[in-house]
Amino acid sequence: MSETHKPFRELVKPNGNFEFIEKRKTWAMVSLIVVLGCIAMLFVNKSTRGDYLNWTIDFKGGTELILAFENQDGTPHPVDAAMIRGALNDAGKSGFAVSNFAWKTEGPDGRAIEASGMLVRTPEFGAVKKEEGRAIAADFVSTFADPGILKASWSGDRMFVRAAGAIDWEAARDFFHKHNKTLREWSPENIEEFSVPSEGTEEYNLQFSVAGLDAQYQELIAKALGDDVVVKIQNVYGVGARAGEKLRNDGIKSLFYVMALIMLYLAFRFDVRYAPGAVVALLHDAILVIGVFAVTWQEVSLTTVAALLTVIGYSVNDSVVIFDRIRENVVRLKDKKFGRVINISLNETMARTLLTSITLFVVTLMMNLLGTGLVRNFAFAMNIGVVVGVYSSVFIASPVALAIHNRWFSGPPPKKK
Amino acid sequence: MERKVKWRTFWLVALIGLSVMTLVPSFVARDQLPSWFRGLFSTRINYGLDLQGGLHIVYSIDLDKAVDDKASELKRDMEAQLEELGMKGRVSTPPTPVGAVSVILEDAKNVEQIKSRVARDYDEIIAMRDCPANDDAAKSVCFRVSSDYAEGIKESALEQAIQTVRERINERGVAEPSVIAKGDQIIVELPGLDEEEIGRVKDLIERTAKLEFKIVDEAEVNGKVRNDFMKRVYGFAKSDQEALDKNITVDIDQWTHDESGRVYVDYYLRAKDRRKFLEHAEADEIGCLDVDEDRDPRGRYCNVTGRQVLLGYLEGLGARNPQLSLDDDHAYGYELVKPQDPKIDPYWRSYYLYRAVELSGSAVQNSYVYWNPTSNKPEVLIEFNRWGGRRFGELTGKSVGRKMAIILDDKINSAPTIQTQIAGGSSSISMGGNNPQQMQTEAQDLVNVLRTGSLPAPLRADSESKVGPLLGADAVNKAKFAFILGSILVVLIMVVYYRTCGVISVVALALNILFMMAILATFGATLTLPGIAALVLTVGMAVDANIIIYERIREELRSGKSVKGSVDAGFGRGFAAILDGQLTTGIAGYVLYQFGSGPIRGFAVMLMIGIVCTLFSATWVTRLFFEHYVGKGRKAPTISL
């Protein structure tokens, strides 16, 4: 043997014969308890924390702002989160959350420095809320009774007005200012368009667009901090309630489609005995990953859904390689029982299963430790997914395949009274 | 066998060379490359908004607002009708349901007459509804804008909105804007803009489109001069150096009025779109936005549309030659002409129009494409409302034979010839050309324009994200670091565990990454932060294929096979498992691509590219390396695994 190669460096000894199959009922019980625990955790969260999972605005709707604070000379200006909270409270805002947010950036002298930033989350999306918009529109009609308003209605942050006469921008600006809204300037084309009536109806069609939510918050905070501090908007991410709903539906649909397609593929590529095992395993993995997110109260965003789908893909990948070996061994070891064949196959593929998981775990761990935001969230889900993925493909997928084989493919189940 | 291996090595080297070349434009500035190279390899990796900063907005059509407007228009129309009929009553538009109109008459006996009028005039656009149960119920007629009509408008509005938004943005010279439809939403992505410009662009997008009809003032009829202004412009521009510099050409338009046989002649200018380096002041003037991160003091690149070229030239003419300045009654209009011959590039042409807006979108009730059985050609049918129909009758009556420009958003969509006076309240426009496919498309475009103009539906943001470039840069740096560190660890594991064979797999992995990037560049795909995550993930997953093969080879070696036999068996038997494993991950990637948007899509693309490359490099490429390592030529009796 040593003529062809040096002794292998081995993670697990070959010809090992660990009993995976004998104790399958124990493993199944363990998994069942953990899965039920995960599901229970969702309801615990619902009653104690108000929601099943820590959904981000992707699914709830709302706006996330990242603001940077600088002195006039461009150096970072440290800001206290409590102060921002106070300022927003005073302005009548509610339901928001403020936390510190730092990142590396280039200072005025070109050296890398830590920027002083703040992450503000609010359940609001548009600059004008529905009821507020109605009130403003009604007030607009009464304020501009001369020249007369036929209709004022909102679409997003923009008010459409049909008026009997022209209204000049300055008057409108003062009106909106009264309602704490900043009217955006009209472009030259706007001015031309709004100053002439449409022929036939003789009505003036005007549009007033107000500054968005981000500008509103920026202004509020800047006012509270005084003139010495420059408040810059770094990032804005806003999702409307309708869009949030759509994203949520898409997310659920995509999970469903992945499972259906994978089942179809396995049924086609192997046979029906294998497909349910892999699907039970991937469900197990998905639930466990979700469970960890529930327990740790980590944020669940669109990226988490992407990670979940990847975990599912990986979980099946792991199961499939084992199935492939089982299929091969069933032909080779005709005299052995299916359960034995599975156990031999599991042992033969053990080195691969472990090594692959280690490499994948290592790279995702690096992303988890070094990455930021979305990447970190993704990597966290992957870390858990890799661990539970290995477990499930060894202890869940194959035993389920065996159970199905025993129940439907080999006459009456043996040793049952 | 030897020959085969040589050929395969040749192909691999060629492929590596090609991949490297493909990547050059992504990493080397464009103007540093020789022109022959730029011609061959021009596409580059695009960085997603999360990496380079920019604006990403998902819009949907605010149909409620449009339907509400339509109801107001119906109200106006009904009021006019009541007055005409001498009936007393009032018309209201209750807030719910959306688009509701109630006519409350003083005399209950008029109800039936009004009902039949409403049914006759607005048959397709309304649905009757029950009046609210109150004292007025018996003398009221209640209806609302029908949802079928609204849905029909929505489709047209969506298609038109995408086009209009795209044009509005293109006019601003934003580099690589992306405007795409996804379901009934429009996704707009604009890379690298600053705060103020974002505001301007949003304003531009959210504006509703405006439809107008104007009459073309032609130069000659039957050889007699009617208005020689454009002929003078034509004559001047023909030999003008500035026009020559701007690639402006001149041309003559001629058409015949079928019935009377009158021949009309018109003179016009034309110009093509181009990308140009402009000084900042000049760029600001045409509204071209500054998207460059590091400002070039000399100026910036802008998309200059043919329309902007013509506009700038024609408006400057007055100052150079007072004879050529536009009078108050006239205006220029511009149309983008797409010639039937695909070899001729689209170009913009000018029109000389009467300034007066003869008719606007609010005069149009609805519009359809229909197939004229006599001519066997598609035509566009326009239905006007009562007021619009009357006005259109007058207009066509006095302008028979002339051209009428249909203008949406200040762009002439088409300028058909008025063949006869049209008094019936509906008009049909026949399409020019012989290609039925193209005529059908043009007809549909025109219908979209007319419908959109008849019921301007604003775009409303469903979700919005603005990314500053600073945070993106920080995230990329961290992701890069994670990628490098992760890769080093994987390399260590592989080399320590598999020795020389581990080195082979590491080389294959490096090539894998090279191929992935090359594919990304070839398709001009977008690299996002989740895309980088997928790249890192691929590093972790790609070695799986090697591991499967190596473990297999080890098993064969343990059973006492020769090195050559073991390697053959390892590759042969391992392949099925590798394929299955990668394909199941591919399924997840595919579904993500279908449902995801923005950055997530970038992740899915990268994941799928990674799978293809892994299959290739872990089997074909690694196999080739093994041919060299333990192949026939070298009677390698041992293997370092």
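Computed quantities for the displayed model
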item: Which numbered condition B:Leu535 misses (of (1) on the phi < 0 side of the Ramachandran plot; (2) facing chain A (nearest Cβ under 9 Å)); result: (2)
item: Selection from segment A:154-176 of residues that are assigned to a strand (DSSP E or B) and under 41 Å from the mean Cα position of the chain (by Cα); result: A:Trp154, A:Ser155, A:Arg158, A:Met159, A:Phe160, A:Val161
item: Test: residue in segment A:253-272 that is within 11 Å of chain B (Cβ to nearest Cβ), more than 22 Å from B:Gln582 (Cβ to Cβ) and part of a helix (DSSP H, G or I); result: yes
item: Hey, B:Thr374 without any contact (Cβ under 8 Å) to a residue 12 or more places away in the chain and either outside any strand (DSSP E or B) or surrounded by 17 or more Cβ atoms within 10 Å (Cβ to Cβ) (or both) or not; result: yes
item: Total residues in segment B:255-284, condition in contact (Cβ under 8 Å) with a residue 12 or more places away in the chain and either closer than 30 Å to B:Gln419 by Cβ or in a helix (DSSP H, G or I) (or both); result: 17
item: Test: B:Leu592 is at pLDDT 90 or above and at the interface with chain A (Cβ under 8 Å from one of its Cβ atoms); result: no
item: Scan of segment B:195-250 for residues that are part of a loop (DSSP other than H, G, I, E, B) and among the small types (Gly, Ala, Ser), ordered by number; result: B:Ala209, B:Ala219, B:Gly223, B:Ser239
item: Residue in segment A:250-260 that is farther than 18 Å from A:Ser398 by Cα, free of Cβ contacts under 8 Å to residues at least 24 places away in the same chain and aliphatic (A, V, I, L, M) present; result: yes
item: Some residue of segment A:400-416 being in contact (Cβ under 8 Å) with a residue 24 or more places away in the chain and either within 14 Å of chain B (Cβ to nearest Cβ) or within 30 Å of A:Met118 (Cβ to Cβ) (or both); result: no
item: Matching residues, segment B:39-76, being among the polar types (S, T, N, Q), in a helix (DSSP H, G or I) and within 12 Å of chain A (Cβ to nearest Cβ); result: B:Ser72
item: Residue within segment B:113-126 that is hydroxyl-bearing (Ser, Thr, Tyr) and surrounded by fewer than 20 Cβ atoms within 10 Å (Cβ to Cβ) present; result: yes
item: Enumeration of residues in segment B:384-403 that are more than 12 Å from chain A (Cβ to nearest Cβ) and in contact (Cβ under 8 Å) with a residue 40 or more places away in the chain; result: B:Ser399, B:Val400, B:Gly401, B:Arg402, B:Lys403
item: Any hit, segment B:358-365, residues being surrounded by fewer than 18 Cβ atoms within 10 Å (Cβ to Cβ) and either among the aliphatic types (A, V, I, L, M) or not in a strand (DSSP E or B) (or both); result: no
item: Flag if A:Ile39 is aliphatic (A, V, I, L, M) and either under 20 Å from A:Arg121 (Cα atoms) or crowded, with 18+ Cβ neighbours inside 10 Å (or both); result: no
item: Subset tally (residues that are of a type in the set (S, T, N, Q) and assigned to a helix (DSSP H, G or I)) for segment B:447-476; result: 3
item: Conditions (1) outside any loop (DSSP other than H, G, I, E, B); (2) over 30 Å from B:Phe392 (Cα atoms); (3) in contact with a strand residue (DSSP E or B) (Cβ under 7 Å, 6 or more places away or on another chain): number failed by A:Lys181; result: (1)
item: In segment B:135-191, residue modelled with the highest pLDDT [restricted to those that are among the polar types (S, T, N, Q), assigned to a helix (DSSP H, G or I) and within 20 Å of B:Ala71 (Cα to Cα)]; result: B:Ser147
item: Residue within segment B:464-473 that is of a type in the set (D, E, K, R) and under 29 Å from the mean Cα position of the chain (by Cα) present; result: yes
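One line per residue, one yes/no per condition, for (1) buried (at least 22 other Cβ atoms within 10 Å of the Cβ); (2) free of Cβ contacts under 8 Å to residues at least 60 places away in the same chain; (3) closer than 30 Å to B:Glu464 by Cβ; (4) touching a strand residue (DSSP E or B) at 6+ places or on another chain (Cβ under 7 Å):
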site	(1), (2), (3), (4)
B:Met516	yes, no, no, no
B:Ala569	no, yes, no, no
B:Ile600	yes, no, yes, no
B:Val612	no, no, no, no
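The values are calculated or read from the model by the stated rules, or taken from the named source; none is laboratory data. Quantities reported herein were computed from a predicted structural model and do not represent experimental measurements. Quick reminder, even Gly has a Cβ in these numbers, built from the backbone with ideal geometry, and neighbours come from all protein chains shown.
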